[in-house]
């Protein structure tokens, strides 16, 4: 992976110097882009790409100064799902070997979900199987209107097991049952309607514009508060609104108000100036 970092505040070490399957690009402001780089294979998954993505997400988890992570595919296709050669090899493996193989993919997805930075999938062309799973695992997914999606595993006698927690979380159990059980191909408008996609744009230029807009939005936010806000969602989702939850949320906002970022942010607002993290 190549990492063109020009500022010491954004430290993204190169953990896979021999791999060209994934590139990490980053700006001095703290916007990183992970690029799946198998365009000749439509960025289809195989063990090497999965390992490279897993390494990239683990690297970015500990990278200082990274505030937003974009995920995209090279060559105009996000990801066509599983590589045919990989599927042929998996068919010859034992159940135990297949379990180990699938666990590596599960770890990669969990590392993506656990990134403290905001994660944004920039989707075009196709997002099938695990590719659609990547879109679901990100905090946001922006897609071009002509993108096609599918969870086609059942048509091969398989199931979308590893990606299922992220897809069900994104689109709900009823929509997941329908899409998982039919394996149908659906368009970006339907993906937006069920919640797999957050926003639609016209074309690749629209994806670039969305990238720039979201990066600018993130840079206006306090870095620590962004991480805490993401964590807050996981901590309150699905819980009964009882005294314990009310106490948890009251403690969180109280700590934020007296914290360094909260103090700076409120003072900047009252003084009608930009906060220190927002730049010039």
Practice problem: Mind listing whichever residues of segment 60-78 are touching a strand residue (DSSP E or B) at 6+ places or on another chain (Cβ under 7 Å), in a helix (DSSP H, G or I) and over 17 Å from residue 123 (Cβ atoms)? | Solution: 60
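When only residues in segment 239-259 that are assigned to a loop (DSSP other than H, G, I, E, B) and touching a helix residue (DSSP H, G or I) at 6+ places or on another chain (Cβ under 9 Å) count, which is nearest to residue 269 (Cα to Cα)?
At the first step, the residues of segment 239-259 found to be assigned to a loop (DSSP other than H, G, I, E, B) are 239-242, 259.
Among the residues that remain, those that are also touching a helix residue (DSSP H, G or I) at 6+ places or on another chain (Cβ under 9 Å) are: 239, 259.
Values: 239: 33, 259: 16 Å.
Selected residue: 259.
Can residue 200 be described as within 18 Å of residue 135 (Cα to Cα), in contact (Cβ under 8 Å) with a residue 24 or more places away in the chain and either not assigned by TED's automatic domain parsing to the domain that holds residue 150 or not in a helix (DSSP H, G or I) (or both)? I'd like the intermediate steps shown before the answer.
Details: within 18 Å of residue 135 (Cα to Cα): yes; in contact (Cβ under 8 Å) with a residue 24 or more places away in the chain: yes; either not assigned by TED's automatic domain parsing to the domain that holds residue 150 or not in a helix (DSSP H, G or I) (or both): yes.
Spelling it out, residue 200 is indeed within 18 Å of residue 135 (Cα to Cα), in contact (Cβ under 8 Å) with a residue 24 or more places away in the chain and either not assigned by TED's automatic domain parsing to the domain that holds residue 150 or not in a helix (DSSP H, G or I) (or both).
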Quiz item: Taking segment 39-50 as the search range and keeping residues that are assigned to a loop (DSSP other than H, G, I, E, B) and under 18 Å from the mean Cα position of the chain (by Cα), which one is surrounded by the fewest Cβ atoms within 10 Å (Cβ to Cβ)?
Solution: 44
Quiz item: residue 183: in contact (Cβ under 8 Å) with a residue 12 or more places away in the chain, surrounded by fewer than 22 Cβ atoms within 10 Å (Cβ to Cβ) and either in contact with a strand residue (DSSP E or B) (Cβ under 6 Å, 6 or more places away or on another chain) or assigned by TED's automatic domain parsing to the domain that holds residue 73 (or both), yes or no?
Solution: yes
Practice problem: Would you check which residues across segment 203-215 are assigned to a helix (DSSP H, G or I), in contact (Cβ under 8 Å) with a residue 12 or more places away in the chain and closer than 20 Å to residue 189 by Cα and list them? | Solution: 204, 206, 207, 210, 211
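Could we say that residue 192 is at pLDDT 95 or above and surrounded by 12 or more Cβ atoms within 10 Å (Cβ to Cβ) here?
Details: at pLDDT 95 or above: yes; surrounded by 12 or more Cβ atoms within 10 Å (Cβ to Cβ): yes.
Here the answer is yes, as residue 192 does meet what is asked.
The values are calculated or read from the model by the stated rules, or taken from the named source; none is laboratory data. This structure is a prediction, so every number in the text was calculated from the model and none was measured. Reconstructed Cβ throughout: ideal geometry from the backbone, glycine too, with neighbour counts over all protein chains shown.
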